[in-house]
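Asker: My questions all concern the structure below.
Each value in this text was obtained by applying a stated rule to the coordinates, not by laboratory testing. Since the model is a prediction, treat every value here as computed from it, not as a measurement. Here the Cβ positions follow ideal geometry from the backbone for every residue, glycine too, while neighbour counts run over all protein chains shown.
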Amino acid sequence: MSEFPKLLLCIEDDEDDRAYIEEAAAETDPKLLFVAKANGREAMTYLNLQKEQHQLPCLILLDINMPIMSGKETLVAIKKDPVLKNIPVLVFTTSSSKADQIFCEQYGADMVTKPVRPSELKRVIEHVVLSRCA
């Protein structure tokens, strides 16, 4: 029986932020497979394919403000899907709005405001990877 790779899905339109998250993920666990999508539509297409292959990510890092399909729309779609709804989602955003915090809480997602210290990002990734991808 083959072992599925540990997957971290990053849904982020900013290339610098994707690189920053990828670096933190690699330092946290070099065996963690990092997959990046630039918007919610790309991410949902990817997630639907992963459902068919039974290779879901153990963590989704999601930006709120993105073109084509926003992070809020993406979060709603993920949490409404019976297969995807239990994947932990960490909203990684520049927003510090109380309304955005409440929105994330309503959908069971933690919210981290950018910029975030590398040590904090690694701690969050490590916690989820150890509990979900062991």
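Asker: Pick from E23, E52, E120: which is most flexible by mean-square fluctuation in a GNM of the chain where alpha carbon atoms under 10 Å apart are linked?
Answerer: E52
Asker: Determine, for C133, C58, C10, the number of other Cβ atoms within 10 Å of each Cβ, and report the residues in order from fewest to most.
Answerer: Ranked by crowding around the Cβ, least crowded first: C133, C58, C10.
Asker: Counting Lys and Arg as +1 and Asp and Glu as -1, each charge on the Cβ, what is the dipole of region 6-132 about the Cα centre in debye, to the nearest 20?
Answerer: Result for region 6-132 is approximately 500 debye, rounded to the nearest 20.
Asker: Return the FRET efficiency for the residue pair D16, K80: r is the Cβ-Cβ distance, R0 is 35 Å, and the value is rounded to the nearest 0.05.
Answerer: Plugging the Cβ-Cβ distance into 1/(1 + (r/R0)^6) gives 0.70.
Asker: Go ahead and run the numbers for FRET between E23 and E52, Cβ-Cβ distance against an R0 of 25 Å, rounding to 0.05.
Answerer: 0.25
Asker: I need the trypsin sites (Lys or Arg not before Pro) found in region 7-82, filtered to DSSP loop residues with at most 11 other beta carbons within 10 Å of theirs.
Answerer: Passing both the DSSP loop test and the Cβ count: K31.
Asker: Now for a separate question. What do you get for Rg/Rh over region 6-132 if you use C-alpha atoms and the Kirkwood form of Rh?
Answerer: Rounded to two decimals, Rg/Rh equals 0.92.
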